[in-house]
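S.K.: Would you mind keeping the following structure in view while I ask a few things?
The values are calculated or read from the model by the stated rules, or taken from the named source; none is laboratory data. Everything numeric in this text was worked out from a predicted model, so none of it was measured. Cβ sites come from the backbone with ideal geometry, for glycine too, and all protein chains shown count toward neighbours. We work out accessible area using only protein heavy atoms, side chains counted, and drop any ligands, DNA or RNA first. Shrake-Rupley method; radii C 1.70, N 1.55, O 1.52, S 1.80 Å.
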Amino acid sequence: MKNLRRLKNFLTGQEAEEDKKEEISEDIQTPEIVEETSDRTEETIETSPAVEENAELEPVKEEEPETEELEPEITVEEEIIEEDVPEEKEEPKKEVEVVEEAEKPKTKGSVNMSLLNREENLVSPEDVDNTFKQDIMDAGADTVALCYQCGTCTGSCPSGKRTPYRIRSIIRKSLMGLRNEVLTDDTIWECVTCYACQERCPRGVAIVDVVKIIRNMQSHAGRMAQAHKMTGSFVLKTGHGVPINDATMALRKRVGLNELPPTTHEYPEALEEVRSILKKTGFDTLIGYNWETGEIE
Amino acid sequence: MADFAYFLGCIMNNRYPGIEKSSRVMFEKFGITLNDMEGASCCPAPGVFGSFDKTSWLSIAARNITIAEDMGMDIMTECNGCFGTLFETNHELHGDEEAKTKVNEILAEVGREYKGDIKVRHFAEILYNDIGLDKIAEAVTKPLDNLNVAVHYGCHFLRPTADVQIDNAEKPTILDEIVETTGAKSIDYRDKMQCCGAGGGVRSRDIDVALDFTRDKLTNMTAAGADVIVNVCPFCHLQFDVGQTEIKKKLGDEFQIPVFHLAQFLGLAMGYSPEDLTVDAHQICVDPALEKCSLEELEKLDEITGGE
């Protein structure tokens with residue numbers, strides 16, 4: 001009997017109660033947000049898209065010199081994410097709440113979640129490129145099509161915990177064919193390629209491959225960070241992304257190793273091989289490497 | 001036991017040569033010769049090359065693999081980044097004829113051909129599977145009994161599990177077991193499996209985000225009472241060692257947890273001098289750890305403090 005009652009409760013009473021609770025809490029939250037958003041609507045419309053994009057990336061960076069403020073802001077974000085991981089529509093809301101607490105300028109996320117700016121936020125047929133998904137699949141990540149948007153990836157993502165990077169959203173947009181939006185989204189570069197998402201994906205999507213494919217597409221469209229190009233140029237110059245320096249040569253000597261490691265550093269003809277390969281693949285042109293000056297153009 | 005083609009990479013040999021020194025001496029002792037891969041280059045860096053242009057990434061990695069193929073030996077690397085690049089390239093070219101043909105067309109330019117007849121292996125996995133815990137424990141001459149170790153696995157040593165198959169990437173034990181052969185205690189801490197923050201090109205592109213990861217890890221390690229960090233990747237090593245000074249400068253938080261690559265840590269337990277391990281050149285002073293694990297030093301301290 002006990003079991004039966006428990007089962008009954010489980011199927012009816014308890015669950016119904018929880019549902020109610022959830023509904024109530026949603027009811028409470030919703031007006032707040034609508035208010036919030038409508039308050040700021042005008043100001044956000046005025047900003048140009050470029051500024052908006054910056055604003056989205058800025059929060060963490062901006063805080064950097066002010067040591068004390070960075071800590072609380074991140075903690076707040078962490079807590080919210082931990083509580084809300086499984087809930088689909090929470091994502092933009094999170095940002096709204098964080099922004100509220102820290103009294104930050106409006107982020108793009110809060111505009112997106114509003115139906116008040118229908119025109120701005122509607123996806124229209126001209127935004128959709130039906131070949132985009134196929135391009136990603138052809139580049140080696142055919143599993144991308146299996147995604148059912150559970151959000152385990154973003155919930156597992158240590159980068160999403162501290163930056164605006166939302167891998168679930170990027171996968172969704174990719175499947176929808178929003179080529180332009182995905183290929184201009186800088187947050188893709190916040191991925192540390194740790195595979196936390198991919199390890200847990202219940203659909204077996206090769207998520208890190210998708211990230212790298214999107215990054216390859218962005219790079220070939222010229223969207224590369226200067227610091228990354230520099231690493232590339234070091235390889236073209238020396239064969240090493242982190243070349244040797246005087247201090248390490250002295251250390252090597254001290255412990256009885258050759259001053260130069262037996263790599264491209266010691267074998268100039270091997271360095272020529274590396275250079276020939278990277279010329280052949282067009283890597284030098286891609287990063288704008290000038291062979292005469294040895295600099296990035 | 002089989003000998004290996006020893007892949008150096010960049011950060012180990014060009015920044016922390018004590019890791020290389022310790023490995024060479026240790027493996028000789030275990031009866032394994034580490035042979036130089038003459039003319040090898042950067043693996044290449046997965047964060048930049050993998051992100052910018054997959055074909056370039058595969059081709060440079062494949063060239064490195066062909067050097068070991070010519071030597072007829074499996075590759076050993078002790079960097080997670082190099083392991084990720086070389087292992088994944090080997091794995092991909094093995095299973096994808098089209099990619100292999102494409103890469104070989106490029107390698108033909110320099111008279112090389114990728115065949116796919118060697119394995120790419122990680123230093124720690126060779127220690128565990130080929131040498132074995134018993135033999136490592138036997139080689140310990142200076143037990144590190146008093147140390148609490150926060151092991152940092154990093155990302156590309158075990159992941160993606162589906163391809164790598166070394167240990168369970170959610171709850172591995174391989175490194176903890178190796179560390180404990182020295183008598184030290186490997187402690188649990190929150191988010192142990194989290195990235196150090198350096199990977200994927202994030203360190204060079206967005207240092208503040210990278211350091212935020214690192215600070216998280218350091219905070220959790222400190223809370224669990226860690227005396228030292230032991231890692232298996234020179235890039236994670238650098239991120240913890242240099243990162244602690246950067247965090248102090250930028251955010252004011254001071255952790256001062258000494259950082260050891262597993263090769264240095266085992267070297268210490270096998271009686272190699274700290275100078276040979278080049279731990280004296282680390283940004284974060286390792287003396288507190290050395291003092292805690294060394295009886296001599298403890299006696300010296302006793303002289304100064306009168307046993308207090």
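S.K.: Among B:129, B:220, B:13, which one shows the biggest mean-square fluctuation in a GNM of chain B, springs joining Cα atoms closer than 10 Å?
M.R.: Residue with maximal mean-square fluctuation among B:129, B:220, B:13: B:129.
S.K.: Shifting gears a bit: Sort segment A:112-153 into rounded, prolate or oblate with this rule: let a ≥ b ≥ c be the square roots of the eigenvalues of the Cα gyration tensor; rounded if a/c is under 1.5, and if a/c is not under 1.5, prolate when a/b is larger than b/c, oblate otherwise.
M.R.: oblate
S.K.: At a probe radius of 1.4 Å, figure out the A/B buried accessible area, summed over both chains, and give it in Å² to the nearest 100.
M.R.: The A and B chains share an interface burying roughly 6000 Å².
S.K.: How would segment A:223-297 be classified by its alpha-carbon gyration tensor: rounded, prolate or oblate, with rounded meaning a/c under 1.5 and the a/b versus b/c comparison settling the rest? Walk me through the intermediate numbers first.
M.R.: Values: a/c = 3.07, a/b = 1.83, b/c = 1.68.
Because a/c hits 1.5 or more and a/b exceeds b/c, segment A:223-297 counts as prolate.
S.K.: With a cut-off of 8 Å between alpha carbons and a minimum separation of six or more residues, what is the relative contact order of chain B in percent?
M.R.: Relative contact order, chain B: 19 percent.
S.K.: Okay, moving on. Just to verify a number: FRET efficiency for residue A:130 and residue A:181, C-beta to C-beta distance, R0 = 22 Å, to 0.05? Intermediate values should be presented prior to the final figure.
M.R.: Values: r = 15 Å, r/R0 = 0.66.
So the FRET efficiency works out to roughly 0.90.
S.K.: What pairs from A:133/A:212; A:229/B:54; A:133/A:229; B:217/B:248; B:54/B:100 go past 19 Å between their alpha carbons?
M.R.: Correct reply: A:133/A:229.
S.K.: Quick query: amide H of residue B:151 versus all other amide H atoms, modeled in the peptide plane; which residues come in under 5 Å with a sequence gap of 5 or more or a different chain?
M.R.: Counting only residues 5 or more places away or on other chains, the set is B:187, B:230.
S.K.: Hey, another quick one. Could you check the simple spin-label distance between residue B:38 and residue A:117, using points 7 Å along Cα→Cβ, in nm with one decimal?
M.R.: 6.3
S.K.: Let me ask something else about it. Comparing the chain by itself with all protein chains present, which residues of segment B:55-76 are at least 50 Å² less accessible (probe 1.4 Å)?
M.R.: Buried by 50 Å² or more upon assembly, which counts only protein chains, are B:60, B:63.
S.K.: Next question, about the same structure. Other chains near B:108-116: what is the mean number of their Cβ atoms within 10 Å of each residue's Cβ? It would help to have the intermediate numbers written out before the result.
M.R.: Numbers: counts 1, 6, 9, 2, 2, 0, 0, 0, 0.
Taking all residues of B:108-116 together, the mean is 2.
S.K.: So, one more: Go ahead and set up a Gaussian network model of chain B, Cα springs under 10 Å, then flag whichever of B:58, B:218, B:107 fluctuates most.
M.R.: Taking springs between Cα atoms under 10 Å, the residue moving most is B:107.
S.K.: Would you please give the FRET efficiency between residue B:101 and residue A:269, computed as 1/(1 + (r/R0)^6) with r the Cβ-Cβ distance and R0 = 30 Å, to the nearest 0.05?
M.R.: After rounding to 0.05, the efficiency reads 0.70.
S.K.: FRET efficiency for residue B:74 and residue B:280, Cβ-Cβ distance as r, R0 = 22 Å, nearest 0.05?
M.R.: 0.10
S.K.: If you don't mind, there's one more thing I want to ask. Output wanted: per-residue J couplings in Hz (rounded whole) for segment B:127-139, from phi through Karplus 6.51 cos²θ - 1.76 cosθ + 1.60, θ = phi - 60°, x for Gly and Pro.
M.R.: 4, 6, 8, 8, 8, x, 5, 4, 5, 5, 4, 4, 7
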